[in-house]
Structures are given as C-alpha cells and as structure tokens.
1. Starting from region 103-130, take each residue that is modelled with pLDDT of 95 or more and basic (Lys, Arg) and list its partners that are in a strand (DSSP E or B) and surrounded by fewer than 23 Cβ atoms within 10 Å (Cβ to Cβ), counting only C-beta distances under 7 angstrom and pairs at least six apart or across chains.
2. Look at region 215-255 and say how many of its residues are hydrophobic (A, V, I, L, M, F, W, C), free of Cβ contacts under 8 Å to residues at least 60 places away in the same chain and either surrounded by 10 or more Cβ atoms within 10 Å (Cβ to Cβ) or within 26 Å of Val27 (Cβ to Cβ) (or both).
3. Scanning region 236-247 for residues that are among the charged types (D, E, K, R) and under 17 Å from Val257 (Cα atoms), which turns out nearest to the chain's Cα centre (by Cα)?
4. Strands (runs of 3 or more DSSP E) wholly in region 154-219 with at least 1 residues that are farther than 22 Å from Thr143 by Cβ, among the charged types (D, E, K, R) and out of contact with any Phe, Trp or Tyr (no Cβ under 7 Å at 6 or more places or on another chain) - which ones?
5. In region 119-145, what residues are in contact with a Pro (Cβ under 6 Å, 6 or more places away or on another chain) and more than 29 Å from Gln33 (Cα to Cα)?
6. Filter region 176-209 down to the residues that are in contact (Cβ under 8 Å) with a residue 40 or more places away in the chain, aliphatic (A, V, I, L, M) and more than 18 Å from Glu106 (Cα to Cα), then identify the one that is surrounded by the most Cβ atoms within 10 Å (Cβ to Cβ).
Amino acid sequence: MKIVVLMKVVPDTETRFEIREDGTDVVYDDRIQWIISPYDEYALEEAIQTKEKLGGTVTILTLGKGNEQQVIRKALAMGADDSVLINSADLMESDALGLARIFSKELEGMGADLIFAGKVATDSNDGYVGAAVAELMGIPVVTEVSDMEASESSVVVTRDASGRKEKFEVTLPAMVTIDKGINEPRYPKLPQIMKAKKKPLNEKDGADYASIAGSSNSKVKQIEVKFPPKKSGGEIFEGDDAVDKLVDALMNKEKVVQ
C-alpha cells in the first residue's frame, strides 16, 4: 500500500511571537523552534501503524523554505520511508487553495492509495487543505477522524460530531484528516534516528508550481496580524457583604444574572 502524509512544519506551540513593524505577519527568526504540526503527527503515527499492519510505504509530502530537514528527519525516524520537500519561500505565501493545488499536482504521479493529514494546522488554524486536495483529485475524504480501520481496498473511519459519532466506509484511494486522541505518537529511538539519516529526502524546486500557487496567485491575502487585547485583572470582593457585592456586580455591571 502506498501511503502519503501531508505534513506541515510549524513553530512550537509554546513560541512567543513578535509582530513585524508593518503588522503584516509575525517575525520568523532563529529563536523559533520548528516541529511537526501536532495534528499531522497524529496523522503520521496512524499512517505508520497502517503500514505496519498492511505493508507498503509511507511518504512525507511537505512544503517549505529549505530549513525543514531536521523536522522531516524526525518523521523519517518515526517510521516514514521517504519524503518530498517542495522548496519555495514564495509558495509558502500561498492561500489554502494554492496549497491544495500544489499537493494535488504532486500527488497525481505518486499513486497514493491512502492520504493522511492532520485535521488542522496549529499555526494558521486552517483545516481546509486536506479536504480541498481530495476534491481536486476527485477522491473521497472524511475529516476529523478519531478512529479508523484500513484494509487493502477500503477504510472504515469514525468521526466525532455534535452529540454523536459518525461511522463511514470509503473505498481507496481516499483522504482522511486525523483528530487528536486517535493514537499516541511514538518517540524515535537512537537506532531509528541513525537510520533516518540515510532515508531519501527528495527536494523539488517550487518554480514548477508557480503558475498554480504562490503569493501572486493567492485569492486570500493576510493583511494584518495583531495580538488579542489584554484581559483586565479580576475584581476581588472581601468583607461580610462580599456576596451582596458579587451579586450586584453580576446583575448590574456585567448583566449576566437577571
């Protein structure tokens, strides 16, 4: 079975960002530690478990500026077999549709039976790309999968919906986007880390995709980034009449109690 994982390299979720002087984006510099987008890591683990059950290979497909090799090597150490890095700073400025066009074009020649992605990217909070790739490729997709069982010809998946669980069976080839909690991503051990250094990391020039994506083709443009307003400190009521003061504040100031 040919399995492909769409993987995004993102800043560590504990990163404290600074905003550019022009307010158009955050500052990306050497202080940032880059990681596998956490939901993509769940997707990668599920892909590796599927390979271990059914056989085949797992390929990482990602987009970057050329500084993603260390993170990709971690994915290879976890159990992926090879990787493709489409390398272009301009393509990184693509909107979600542009990203989907890039991935779907690359996937056309890969012959993937099952494509995995995280349900959302933790830096942009965008969960559209996986579904858009499936639409462009004309294959079925189920998003936010919390449990799955794959066979050679189909995959049975469960997703959590509002107040219920939904179960689907889709024929391959197919795309699934993975929710957290479906598994516990493994930590690579030293032998796997050493072996990962010899696994193929295929870099491709992003110029081949410029006609379908990139900043000049984006239909959605980010125009401003700003931090949310700081929350004011809470109010503490003390004394024998503290309860009366609290009730008065809730009713007359905050108007949350009638």
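1. The qualifying pairs are Lys119/Thr143; Lys119/Glu144.
2. Of the residues in region 215-255, the ones hydrophobic (A, V, I, L, M, F, W, C) are 220, 223, 225, 227, 236-237, 242-243, 246-247, 249-251.
Those still in the list that are free of Cβ contacts under 8 Å to residues at least 60 places away in the same chain too: 236-237, 242-243, 246-247, 249-251.
Among the residues that remain, those that are also either surrounded by 10 or more Cβ atoms within 10 Å (Cβ to Cβ) or within 26 Å of Val27 (Cβ to Cβ) (or both) are: 237, 242-243, 246-247, 249-251.
Total satisfying the criteria: 8.
3. Initially, region 236-247 is screened for residues among the charged types (D, E, K, R), giving 238, 240-241, 244-245.
Then drop every residue that is not under 17 Å from Val257 (Cα atoms), which leaves 244-245.
Numbers: Asp244: 49, Lys245: 47 Å.
Filtering region 236-247 for residues that are among the charged types (D, E, K, R) and under 17 Å from Val257 (Cα atoms), the one nearest to the chain's Cα centre (by Cα) comes out as Lys245.
4. Numbers: elements: 154-161, 164-171, 174-178, 201-205.
Result: 201-205.
5. Ile139
6. So, considering only residues that are in contact (Cβ under 8 Å) with a residue 40 or more places away in the chain, aliphatic (A, V, I, L, M) and more than 18 Å from Glu106 (Cα to Cα), the one surrounded by the most Cβ atoms within 10 Å (Cβ to Cβ) is Ile178.
The values are calculated or read from the model by the stated rules, or taken from the named source; none is laboratory data. The shown structure was predicted, so the numbers you read here are calculated from the model rather than taken from an experiment. Note: ideal-geometry Cβ built from the backbone for every residue, glycine included; neighbour counts use all protein chains shown.
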